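The values are calculated or read from the model by the stated rules, or taken from the named source; none is laboratory data. Here the structure is a predicted model, which is why all the values come from computation and not from measurement. Reconstructed Cβ throughout: ideal geometry from the backbone, glycine too, with neighbour counts over all protein chains shown.
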Ligand SMILES: CC(C)(COP(=O)(O)OP(=O)(O)OC[C@H]1O[C@@H](n2cnc3c(N)ncnc32)[C@H](O)[C@@H]1OP(=O)(O)O)[C@@H](O)C(=O)NCCC(=O)NCCS
């Protein structure tokens, strides 16, 4: 199944975004509508939502670096290619923006997300022990942007 084009995420989507986030993450880790509304007014923060509100991605671009802030797909819509579609949309946007490095953090217990990111070219860049509320470690991943794709040597590529 080919996923439809995601739409730009705006403050008007804040309530929908909070609903998706609460459904995808454990209680206590969900972001509120006001948090999304505030984040989406900040310079460099941008995101996408699926047209049927099945998932979203939020990122921040600062100079030539980009960071994934959150990615969430409704549980009943997971494993349908939506997460991949959203991350690919973000990667394309970073290419247009001349971003050199893309960063993200993922729990070392999150196999689904780790497999998704690895399949899209993200590589380990460090670990923060006991970073998340459940005691799991955060793995910091990095991907070369289009600008630096030819200049970064292992282990960053
Ligand atoms: C992680 C998440 C965003 C993946 O989104 P998704 O739409 O279900 O993923 P996709 O259907 O696009 O799958 C893309 C790839 O991810 C991996 N993947 C996704 N779900 C997986 C699972 N349950 N187990 C193992 N690998 C999985 C696979 O490599 C998959 O490719 P394949 O289908 O060709 O095998 C989604 O499961 C989610 O929202 N989880 C809860 C919130 C979360 O963990 N967010 C990320 C925080 S860093």
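When residues in the range 107-120 are screened for being out of contact with any strand residue (DSSP E or B) (no Cβ under 6 Å at 6 or more places or on another chain), under 22 Å from residue 133 (Cα atoms) and in a helix (DSSP H, G or I), 3 of them pass.
Taking the criterion of being free of Cβ contacts under 8 Å to residues at least 40 places away in the same chain and closer than 18 Å to residue 13 by Cβ, the residues of the range 56-76 that qualify are 59, 60, 68, 69. In summary, residue 17 fulfils each of the numbered conditions (1) at pLDDT 95 or above; (2) under 24 Å from residue 79 (Cα atoms); (3) out of contact with any helix residue (DSSP H, G or I) (no Cβ under 8 Å at 6 or more places or on another chain) with the single exception of condition (3). Any residue at all in the range 57-78 that is at pLDDT 95 or above and on the phi > 0 side of the Ramachandran plot? Within the range 57-78, one or more residues are at pLDDT 95 or above and on the phi > 0 side of the Ramachandran plot.
Could you check, for the range 87-100, whether at least one of its residues is modelled with pLDDT of 95 or more and in contact with a helix residue (DSSP H, G or I) (Cβ under 8 Å, 6 or more places away or on another chain)? The answer is yes; a qualifying residue exists. Is it the case that residue 17 is within 16 Å of the ligand (Cβ to nearest atom), closer than 23 Å to residue 112 by Cα and more than 14 Å from the chain's Cα centre (by Cα)? So residue 17 does not fit the description; no. Residue 86 - would you say it is in contact (Cβ under 8 Å) with a residue 24 or more places away in the chain and more than 7 Å from the ligand (Cβ to nearest atom)? The answer is yes for residue 86. Among the residues that make up the range 125-139, is at least one of them within 13 Å of the ligand (Cβ to nearest atom), in a strand (DSSP E or B) and farther than 28 Å from residue 15 by Cα? Checking the range 125-139: at least one residue is within 13 Å of the ligand (Cβ to nearest atom), in a strand (DSSP E or B) and farther than 28 Å from residue 15 by Cα.
Residues in the range 1-14 that are touching a helix residue (DSSP H, G or I) at 6+ places or on another chain (Cβ under 7 Å) and at pLDDT 95 or above: 6, 9, 11, 14.
When residue 120 is tested against (1) more than 19 Å from residue 21 (Cα to Cα); (2) more than 11 Å from the ligand (Cβ to nearest atom), only condition (2) is not met.
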